[in-house]
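Worksheet: the structure to be examined is printed underneath.
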Amino acid sequence: MFAELISPEQLAILGQIIFIDLVLAGDNAIIIGMVASKFPVEQRKKIIFWGIGGAVILRIILTLLTAYLLQITGLRLIGGLLLLYIVYKLYVDVIKGSEQEDDIKVDNSNFLKAIWTILLADFTMSLDNVLGVAGAAGDHYTLLIFGLVLSIVLMATAASLISKWIKEYKWIAWAGLIAILVVAVELIYTDIKILFL
């Protein structure tokens, strides 16, 4: 298994997964932090705990579903097109530097509403991460699990550091963007080859 992991193909996939996770995983924790900051200190820890806990469960379910769905002919094409849209959105948000913080409305009167806001935001943002990682990993399930664990660790611990790095070193954002673009093109090409060629 170790010999497999150091094959050039798997090293390339691993690199793609790391860059996709670096660029996409930070957003989720930033959202959790933003929502939690609107609450009194004693409630913040609970919101962060339940927000990250819910996000982890959501991400595991989405990864298992996506890995299964990407095996179905036709869905890879849809997944690839969705990733192309994500590449465009990332280019506008990260590379051009437009902030999306204003889009999130937080009702700081209700603890459950705050958790719901986090889960809803995390669902939409986890989808791009999971799709990117599952698309890059392909049939390499060890790497898929590695990508899932890495995204959870990054989301729970290093989000603010990652967002600072991305703002400071634009090449990280560009590398992530290119990695996602490659995955999108591969997914689209795989299905076009099966369906039309």
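Assorted remarks:
- The set of residues in the stretch 2-35 that are modelled with pLDDT of 75 or more and more than 18 Å from the chain's Cα centre (by Cα) comprises S7, P8, E9, Q10, L11, A12.
- For beta carbons closer than 9 Å, sequence separation of 6+ or different chains, a first residue in the stretch 80-93 that is modelled with pLDDT of 80 or more and a second that is polar (S, T, N, Q), the qualifying pairs are G80/T190.
- Residues that are part of a loop (DSSP other than H, G, I, E, B) and touching a residue at least 12 places away in the same chain (Cβ under 8 Å) were ranked within the stretch 63-78; the one that is nearest to Y141 (Cα to Cα) is L70.
The values are calculated or read from the model by the stated rules, or taken from the named source; none is laboratory data. Note that the structure is predicted; figures quoted are calculated from it, not measured. Every residue, glycine among them, receives a Cβ derived from its backbone with ideal geometry; neighbour counts consider all protein chains shown.
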